[in-house]
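To start, the structure itself, in structure tokens.
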Amino acid sequence: MKAVRYHTKRDIRVEDVAAPSDRLADDQVLIEPLVCGICGTDLHEYVAGPIVTPAQPHAYSGAVLPQILGHELSARVLDVGRAVTTVKAGDRVSIQPLISPRDDYYGRRGLYHLSEKMACVGLSWAWGGMGERAVVNAYNAIPVPDTVSDIQAAMIEPAAVALYAVDRGGIRSGSTVLVSGLGPIGALVLLAAKASGAALIVVSEPNPNRRALAKSLVPEAHVLDPRAEDVPAFLRVRTEEGVGVDVALECVGAEASLNICAAAVRRRGTVVQVGLHMRPAQIDAMQWALKDITVEATWCYPTTIWPRIAAMIGAGIFPVEKIVTAQIAPERVVADGFEALLDPSGRHMKILVDMKASA
């Protein structure tokens with residue numbers, strides 16, 4: 001079968017590989033991937049990896065490079081193991097890609113995303129969404145209703161990161177919010193904050209193309225260039241008594257962005273760390289103390305969030321498909337996918353690989 005495989009830094013190939021066996025374990029599901037997103041984690045692997053892709057066999061899954069990529073995907077079920085009752089052949093599913101023990105400290109508490117042994121489809125599992133076939137565990141295959149398209153189903157995974165961040169920030173009807181950094185996750189955080197009822201939303205983003213996208217996603221949002229405007233000063237004018245926002249979400253993983261969030265949030269406000277920092281960030285810890293700031297750092301998402309997001313998408317209040325800027329064939333994944341997303345102009349936001357398309 002055809003598969004997009006990551007070998008090492010700057011080395012991604014479309015190759016013919018053996019398809020998975022039709023002999024499934026009792027709790028496994030054979031799927032046909034339909035649409036798969038390219039994630040920021042995939043980009044990090046491409047530019048600087050291996051990072052989370054396993055050069056040595058993974059402690060839990062046993063997976064080892066080369067790795068079939070793709071952990072943001074929709075699929076169709078082809079077959080199921082004899083103990084599987086949650087899905088059947090023909091079902092459309094969104095893949096919740098996290099794989100971890102059910103019986104370790106975190107698994108016993110339902111916190112599967114925090115397991116120290118966690119693996120992930122498309123990163124540290126034998127199969128990924130950029131192959132013509134894949135095998136996953138039954139708990140990874142979440143059925144989606146007809147109100148959710150294949151594209152939307154593939155977008156549930158990154159949307160889960162965003163909605164979890166909004167949940168951790170306690171955003172609700174009437175909240176005032178700053179979204180700092182409008183990459184794909186920041187754009188989904190913007191949509192999730194809107195869906196959660198935020199009354200004032202401000203976006204801080206230096207890239208003009210992404211500022212334009214933010215305005216198209218949520219027209220009532222205030223969209224600022226932090227290089228040209230004083231974001232905390234702007235918020236002082238627009239919040240009650242000039243105190244700042246209730247919640248600031250750092251979505252890019254940059255020191256400057258984190259410090260804007262700390263300056264912009266009110267006393268007893270909340271800063272949510274969403275973006276992944278690749279190096280230590282220097283902060284003014286005294287400012288954080290004087291303002292009595294709550295810090296919520298997020299990693300992945302609770303795996304139970306899938307049906308909620310599907311319901312929000314189906315109801316039309318979480319239009320995740322709006323951040324998709326291109327769909328490409330697997331054969332074009334490097335030139336029109338990874339390299340396009342690394343273009344400093346930031347013309348693209350989210351690129352999806354259509355596994356049924358040909359170059």
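Being surrounded by 15 or more Cβ atoms within 10 Å (Cβ to Cβ), in contact with a strand residue (DSSP E or B) (Cβ under 9 Å, 6 or more places away or on another chain) and of a type in the set (A, V, I, L, M) is the filter here; which residues of segment 296-309 pass it? If you could, list the steps in order and put the result at the bottom.
Our first condition is that a residue be surrounded by 15 or more Cβ atoms within 10 Å (Cβ to Cβ); within segment 296-309, this holds for 296, 298, 300-303, 305-306, 308-309.
With in contact with a strand residue (DSSP E or B) (Cβ under 9 Å, 6 or more places away or on another chain) added as a condition, the list becomes 296, 298, 300-301, 303, 306, 309.
Listed by number, the list holds a single entry, Ile309.
Being surrounded by 15 or more Cβ atoms within 10 Å (Cβ to Cβ) and assigned to a helix (DSSP H, G or I) is the filter here; which residues of segment 274-291 pass it?
Scanning segment 274-291 gives a single hit, Trp288.
Here is a check on your reading of the model: is Val144 in contact with a helix residue (DSSP H, G or I) (Cβ under 9 Å, 6 or more places away or on another chain), surrounded by 22 or more Cβ atoms within 10 Å (Cβ to Cβ) and modelled with pLDDT of 95 or more? Explain how you work it out, then say what you get.
Numbers: in contact with a helix residue (DSSP H, G or I) (Cβ under 9 Å, 6 or more places away or on another chain): yes; surrounded by 22 or more Cβ atoms within 10 Å (Cβ to Cβ): yes; modelled with pLDDT of 95 or more: yes.
Yes: the conditions hold for Val144.
Of Trp299, Trp306, Trp288, which residue is at pLDDT 95 or above, touching a His at 6+ places or on another chain (Cβ under 9 Å) and of a type in the set (A, V, I, L, M, F, W, C)?
Details: Trp306 fails: touching a His at 6+ places or on another chain (Cβ under 9 Å); Trp288 fails: touching a His at 6+ places or on another chain (Cβ under 9 Å).
On inspection, the qualifying residue turns out to be Trp299.
Could you grab me the full set of residues in segment 189-236 that are among the acidic types (Asp, Glu) and surrounded by fewer than 19 Cβ atoms within 10 Å (Cβ to Cβ)? Working first, answer last.
Restricting attention to segment 189-236, the residues satisfying the condition of being among the acidic types (Asp, Glu) are 205, 220, 225, 229-230.
Listed by number, the residues that qualify are Glu220, Asp225, Glu229, Asp230.
Counting only residues that are part of a loop (DSSP other than H, G, I, E, B) and in contact with a Gly (Cβ under 7 Å, 6 or more places away or on another chain), which one in segment 88-110 is surrounded by the fewest Cβ atoms within 10 Å (Cβ to Cβ)? I'd like the intermediate steps shown before the answer.
As a first pass, look at segment 88-110 and keep what is part of a loop (DSSP other than H, G, I, E, B): 88-91, 96-97, 100-106, 110.
Subsequent filtering for residues that are in contact with a Gly (Cβ under 7 Å, 6 or more places away or on another chain) retains 97, 100-101.
On the way: Pro97: 24, Ser100: 21, Pro101: 16.
My answer is Pro101.
Which of the numbered conditions does Val177 fail, given that it passes all the others? Conditions: (1) in a strand (DSSP E or B); (2) without any contact (Cβ under 8 Å) to a residue 60 or more places away in the chain.
Against the list (1) in a strand (DSSP E or B); (2) without any contact (Cβ under 8 Å) to a residue 60 or more places away in the chain, Val177 comes up short only on (2).
So for segment 338-351 (the condition being of a type in the set (Val, Ile, Thr) and under 18 Å from the mean Cα position of the chain (by Cα)), does at least one residue qualify?
Taking segment 338-351 as the starting set, the residues that turn out to be of a type in the set (Val, Ile, Thr) are 351.
Then drop every residue that is not under 18 Å from the mean Cα position of the chain (by Cα), which leaves 351.
Looking through segment 338-351, at least one residue is of a type in the set (Val, Ile, Thr) and under 18 Å from the mean Cα position of the chain (by Cα).
Does Glu250 qualify as being surrounded by fewer than 23 Cβ atoms within 10 Å (Cβ to Cβ) and acidic (Asp, Glu)? First the steps, then the outcome.
Values: surrounded by fewer than 23 Cβ atoms within 10 Å (Cβ to Cβ): no; acidic (Asp, Glu): yes.
Judged against the criteria, Glu250 is not a match.
May I ask you to verify whether Val136 is farther than 14 Å from Gly70 by Cβ, β-branched (Val, Ile, Thr) and touching a residue at least 60 places away in the same chain (Cβ under 8 Å)? Outline the logic, then answer.
Working: farther than 14 Å from Gly70 by Cβ: no; β-branched (Val, Ile, Thr): yes; touching a residue at least 60 places away in the same chain (Cβ under 8 Å): yes.
Spelling it out, it is not the case that Val136 is farther than 14 Å from Gly70 by Cβ, β-branched (Val, Ile, Thr) and touching a residue at least 60 places away in the same chain (Cβ under 8 Å).
Condition first: buried (at least 17 other Cβ atoms within 10 Å of the Cβ) and in a strand (DSSP E or B). Can you find one or more residues in segment 327-338 that meet it?
Yes, the conditions are met somewhere in segment 327-338.
Taking segment 292-326, which residues are in a helix (DSSP H, G or I) and without any contact (Cβ under 8 Å) to a residue 24 or more places away in the chain? If you could, list the steps in order and put the result at the bottom.
Going residue by residue through segment 292-326, those that are in a helix (DSSP H, G or I) are 303-314, 320-323.
Ala311 - this is the single residue of segment 292-326 that is in a helix (DSSP H, G or I) and without any contact (Cβ under 8 Å) to a residue 24 or more places away in the chain.
For segment 152-174, which positions are of a type in the set (A, V, I, L, M), more than 16 Å from the chain's Cα centre (by Cα) and part of a helix (DSSP H, G or I)? I'd like the intermediate steps shown before the answer.
Keep residues of segment 152-174 that are of a type in the set (A, V, I, L, M), which gives 153-156, 159-163, 165-166, 171.
Filter once more, so that each one left must be more than 16 Å from the chain's Cα centre (by Cα): 171.
Correct list: empty.
Could you check Arg13 against (1) closer than 25 Å to Val252 by Cα; (2) surrounded by fewer than 13 Cβ atoms within 10 Å (Cβ to Cβ); (3) in contact with a His (Cβ under 7 Å, 6 or more places away or on another chain) and say which number it fails?
Going through the list (1) closer than 25 Å to Val252 by Cα; (2) surrounded by fewer than 13 Cβ atoms within 10 Å (Cβ to Cβ); (3) in contact with a His (Cβ under 7 Å, 6 or more places away or on another chain), Arg13 breaks only (1).
In the set Pro302, Pro280, which member is under 23 Å from Thr41 (Cα atoms) and outside the structural domain of Gly244 (by TED's automatic domain parsing)? Working first, answer last.
Values: Pro280 fails: outside the structural domain of Gly244 (by TED's automatic domain parsing).
Pro302 is the lone residue from the list that is under 23 Å from Thr41 (Cα atoms) and outside the structural domain of Gly244 (by TED's automatic domain parsing).
So which of Val136, Val121 ends up being buried (at least 23 other Cβ atoms within 10 Å of the Cβ), in contact with a Pro (Cβ under 6 Å, 6 or more places away or on another chain) and within 20 Å of Ile305 (Cβ to Cβ)? Show your work before the answer.
Numbers: Val136 fails: in contact with a Pro (Cβ under 6 Å, 6 or more places away or on another chain).
Of the residues listed, the single one that is buried (at least 23 other Cβ atoms within 10 Å of the Cβ), in contact with a Pro (Cβ under 6 Å, 6 or more places away or on another chain) and within 20 Å of Ile305 (Cβ to Cβ) is Val121.
Of all residues in segment 114-132, count the ones that are touching a strand residue (DSSP E or B) at 6+ places or on another chain (Cβ under 7 Å), over 16 Å from His58 (Cβ atoms) and outside any loop (DSSP other than H, G, I, E, B).
Residues that pass the stated criteria total 1.
The values are calculated or read from the model by the stated rules, or taken from the named source; none is laboratory data. The structure displayed is predicted, hence computed values, not measured ones. Cβ coordinates were reconstructed from backbone atoms using ideal geometry, including for glycine residues, and neighbour counts include every protein chain displayed.
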